[in-house]
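The values are calculated or read from the model by the stated rules, or taken from the named source; none is laboratory data. What you see is a predicted model, and the numbers here were worked out from it, not measured in a lab. Every residue, glycine among them, receives a Cβ derived from its backbone with ideal geometry; neighbour counts consider all protein chains shown. Each accessible area value is taken on the protein alone, full model and side chains, heavy atoms only, with ligands, DNA and RNA left out. Shrake-Rupley method; radii C 1.70, N 1.55, O 1.52, S 1.80 Å.
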Amino acid sequence: MPDFNESKLTDEVIASFQATADPRLKYLMTELVRSLHDYVRRTDLTFEEWTQAIDVLTRTGQTCTPTRQEFILLSDVLGVSMLVDAINHREREGSTETTVLGPFYVGEHKPLPSGADISEGIDGEPLFVSCRLTDLSGAPLQGARVDVWHADDDGFYDSQKSDYATSGPSLRARFAPDAEGRVFFRTILPCSYPIPTDGPVGDLIRASGRHPMRPAHIHFLVDAPGFDPLITHVFIDGDEYLHSDVVFGVKPELIARVERRTDGVMPDGKPIDRPWHLMTYDFRLRPGSKDAPRPMMAAAE
Ligand code: BEZ
Ligand code: FE
């Protein structure tokens, strides 16, 4: 019978993954065990705390549904989503900054023609969004598509509403840019909103004395053949939560100045009889890149 001690236990668990055929999986499991064991030793974790952690993870899984992803939310509020995004976009080469996808992307969006109003039947201050999609040299992207989605005036996404299955999408759509790479659409001005707080992630946020708010933004997912997909948001300048986003997703380059306008004609020549807002933002995509080489070997002790 081998002697037992804390560090031998760690070595033994790591050794149990020795025969893992996939070298990357072997590396990931080795590092995970090493970090987890270090955490338990460093914090002197009690049985009570360990049980509580298991309970949080259990409730996180139980809170997930086909339209709610509490594990992504947990990753978001711990900054892990932004860290994974950051290490995978170290070589930006001048392309637009990325940020989290978030839990409210519900897959393929309904295609609408440029200029469409994605806020039909929804109250709010009118917003005209005008974008241009180019490569790094400023040439328009060919064959691109842009998915957009955002929250309503009360801070809710369509997929969070109980009648979502029957009422269909709102404040979300897919657009195709014209030959100049331009896309424009009408919507309402989004507001800052809280992430869902009725689950275990909400409990954690409250226990930590953190606020649950995200600054107002519109999500964009741009895809074009031959280019790296771009997942990002455009944030609205002046929002009080820009410096304390609960998911750490704000980057200065992604903040757009939104102009309040009172002229009676929108940029596409259509009349409007009340004040409105104009958001202009240009997106630059970089050519498709191969995955960077990943470490396969655990660092020597
Ligand atoms: C969102 O912007 O939709 C979002 C992102 C991360 C967590 C919760 C919401
Ligand atoms: Fe959002």
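In the chain, what percentage of the DSSP-assigned beta bridges are antiparallel, given to the nearest 5? Let's see the in-between values first.
Working: 32 of 44 bridges.
Within the chain, antiparallel bridges account for around 75 percent of the total.
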**Contour minus Cα-Cα distance for residue 297 and residue 257 (0.36 nm per residue)** = 9.8 nm
**Request:** Within the set of other residues whose C-beta is less than 15 Å from the C-beta of residue 138, count the net charge using Lys and Arg as +1 and Asp and Glu as -1.
**Result:** 0
**Request:** Using only Cα atoms, tell me the angle between helix 23-43 and the longest principal axis of the chain; keep it within 0 to 90° and round to the nearest 10.
**Result:** 80
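Take peptides 59-65, 127-133, 216-222, 16-22 and line them up by average Cβ neighbours within 10 Å, highest first, as a rough protection proxy. Don't skip to the answer; put the middle values down first.
Details: 59-65: 13.6, 127-133: 21.9, 216-222: 23.4, 16-22: 10.3.
Answer by packing, highest mean first, reads 216-222, 127-133, 59-65, 16-22.
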**Fill in**
Asserting the computed 222 nm helical MRE of the chain (DSSP H runs at least 4 long, -39500 (n - 2.57) per run, divided by residue count, to nearest 500) equals -7500 deg cm²/dmol
**Message:** On a straight-distance basis, which lysines could pair with residue 26 in a cross-link, Cα separation under 26 angstrom, same-chain partners fewer than 8 positions away excluded?
**Reply:** 8, 290
**Item:** Neighbour net charge for residue 173 - beta-carbon separation under 14 angstrom, K R +1, D E -1
**Value:** 0
**Request:** Report P(r) for the chain: all Cα-Cα distances, bin width 20 Å, range 0 to the bin holding the largest distance, values in whole percent.
**Result:** 27, 51, 19, 2, 0
**Request:** Let me know the shape class of the stretch 6-45, please: from the alpha-carbon gyration tensor, a ≥ b ≥ c as square roots of the eigenvalues, rounded when a/c is under 1.5, otherwise prolate if a/b is greater than b/c, or oblate.
**Result:** oblate
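Using Cα pairs under 8 angstrom and six or more residues apart, how large is the relative contact order of the stretch 202-260, in percent? Kindly include the intermediate steps, with their values, before the conclusion.
Details: 68 pairs, mean separation 18.8, N = 59.
That works out to 32 percent.
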**Complete:** For residue 261, other-chain or 5+-apart residues with amide H closer than 5 Å (H placed, Pro excluded) are 276, 277, 278
**Asked** Listed highest first by mean packing, meaning other Cβ atoms within 10 Å per residue, what order do 169-178, 249-258 come in?
**Response** 169-178, 249-258
**Message:** Tell me the per residue accessible area of the chain using a 1.4 Å probe; a whole number in Å² is fine.
**Reply:** 56
**Request:** Describe numerically, in nm with one decimal, the distance between label points set 7 Å from Cα along Cα→Cβ at residue 87 and at residue 167.
**Result:** 4.0
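What is the local net charge at residue 147, summed over the other residues whose Cβ is closer than 11 Å to its Cβ (Lys, Arg +1; Asp, Glu -1)?
Details: positive: 110, 145, 172, 174; negative: 108, 223.
So the surrounding residues net to +2.
Using a Förster distance of 30 angstrom, determine the FRET efficiency expected from the C-beta separation of residue 62 and residue 9, and round it to 0.05. Spell out each step's value before the answer.
Numbers: r = 30 Å, r/R0 = 1.01.
Between residue 62 and residue 9 the formula returns 0.50.
Carbon and sulfur: what percent of the stretch 70-285's accessible surface (1.4 Å probe)? Before the final figure, lay out the partial values.
Details: 5340 of 10000 Å².
Summing carbon and sulfur atoms, their accessible area is 53 percent of the total for the stretch 70-285.
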